[in-house]
Amino acid sequence: MKSPIFKKSLITSALVAAFLLTGCNDEKAENSTVILKTAFNQSENNPQFKALEDFSQKLEKETQGKYKLEIHPNELLGDQRASLELVQSGAIQLAVIANPLVENFNKNFAVLAMPYVYDNPEHQRKAFTSGILDNLFSSTTSQGFEVLTAYTAGARSMYTKGAAVHTPAEMNGKKIRVMQSDTMIKMLSCMGGTGVPMGQGEVYSAIQQGVLDGAENNEITYNDLKQYEVAPFFSNTRHVMVADLLVVNNTFLTQMSAEDQATFRRLAKASTEVEFDMWNQALDAAKKNAISHGATFTDVDIKPFQARCEKLQSQLLTTPEQKEIFQKIRALSE
Ligand code: GCU
């Protein structure tokens, strides 16, 4: 049986697709710029939004006004699962989708969001910009989309109501929201708690109503979505650095001229460097704002968590491709 979340996402996709398809032709008729509708589930303050804007400006300039992005933030086009369906169907061209959702199409992506696979942000930046993931990124074309590049979303940590968590034992019995993927559920178990999969938009009220004891995310999203109001205890477990993937509709991409496609691909890849810089710049302010609204950030000894998650790393690496990707990422560690 399909879950209620899945049904809701299908209905949202259908409605949004109908809306988008009716809007599309008029826009094209009015001017000759091709508008690339882009779904984004975070706010305009998010560094990824700003990197996308920068990408759009460069694309418009380098293609003499032929293409530009129209970014729809705040889950306006549905949650990430619904947005990915819109990209697959061609109702929209682009979306930023968290790796765990793309992993539902190809298990090899799981490696990019394994607990403690990157040592630090610099290591992750190297992995995303070195070209080692190119084959993986083009592996989903038969599903109607391709990954153009990966963005950082920092390191994720646990945050809870009631009290901070310091050890895996303190996570025992805690219901923590995770993104909708098996790996994320397993990750939460290895951290000592219970993972409850749901879309980002439902998290605040689920914590408020006591359905959840907390969630896990990066400081920027934590602050932006005001989740400190319902879960003020942020514990720096830094357990996973999830990649966010810029995905594109495959038909749209292959119908571009070779020259435009090359420009488009190059600028999309280059937007990753821009995004990493913007992310680093935004981090402190997000933390300070959350603190000024009552959040406390607690340092945690991550070794016991790492030790518990080591087993999961080997359990998740089942295919030869996964092992190869893992080794390539680890080889970039200093
Ligand atoms: C991060 C990530 C998003 C993701 C969100 C979530 O903010 O950047 O892509 O959707 O976490 O937890 O759902």
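Per-structure values
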| quantity | calculated |
| --- | --- |
| Qualifying residue in the stretch 58-66 (condition: surrounded by 17 or more Cβ atoms within 10 Å (Cβ to Cβ) and without any contact (Cβ under 8 Å) to a residue 60 or more places away in the chain) | no |
| Single match in 308, 266, 330, 238 (criterion: over 25 Å from residue 181 (Cβ atoms), of a type in the set (D, E, K, R) and not in a loop (DSSP other than H, G, I, E, B)) | 266 |
| Residue list for the stretch 235-273, filter: farther than 18 Å from residue 93 by Cα and within 16 Å of the ligand (Cβ to nearest atom) | 237, 238, 239, 240, 241, 242, 243, 272 |
| Qualifying position, being surrounded by fewer than 23 Cβ atoms within 10 Å (Cβ to Cβ), polar (S, T, N, Q) and within 15 Å of the ligand (Cβ to nearest atom), among 221, 167, 194, 183 | 221 |
| Total residues in the stretch 277-309, condition surrounded by fewer than 14 Cβ atoms within 10 Å (Cβ to Cβ), out of contact with any Pro (no Cβ under 6 Å at 6 or more places or on another chain) and in contact (Cβ under 8 Å) with a residue 24 or more places away in the chain | 4 |
| Verdict on residue 194 being touching a residue at least 24 places away in the same chain (Cβ under 8 Å) and more than 30 Å from residue 263 (Cα to Cα) | no |
| Neighbours by Cβ (under 8 Å, 6+ apart or cross-chain): first from the stretch 127-153, under 17 Å from residue 331 (Cβ atoms); second of a type in the set (A, V, I, L, M, F, W, C) and open to solvent by 10 Å² or more (accessible area, probe 1.4 Å) | 127/332; 130/332; 132/325; 132/332; 133/325; 136/325 |
| Index of the failed condition, residue 210 passing every other in (1) part of a helix (DSSP H, G or I); (2) more than 11 Å from the ligand (Cβ to nearest atom); (3) open to solvent by 40 Å² or more (accessible area, probe 1.4 Å) | (1) |
| Number of the condition not met by residue 128 [criteria: (1) under 28 Å from residue 86 (Cβ atoms); (2) within 16 Å of the ligand (Cβ to nearest atom); (3) open to solvent by 10 Å² or more (accessible area, probe 1.4 Å); (4) not in a helix (DSSP H, G or I)] | (4) |
| Where residue 260 falls short, out of the listed (1) in a helix (DSSP H, G or I); (2) open to solvent by less than 20 Å² (accessible area, probe 1.4 Å); (3) charged (D, E, K, R); (4) not assigned by TED's automatic domain parsing to the domain that holds residue 89 | (4) |
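The values are calculated or read from the model by the stated rules, or taken from the named source; none is laboratory data. Only a predicted model underlies this, so the values are computations on that prediction, with no experimental measurement involved. Counting neighbours? That spans all protein chains shown, and the Cβs are built from the backbone with ideal geometry, glycine included. Protein only, heavy atoms only, side chains kept; ligands, DNA and RNA dropped before computing areas. Shrake-Rupley method; radii C 1.70, N 1.55, O 1.52, S 1.80 Å.
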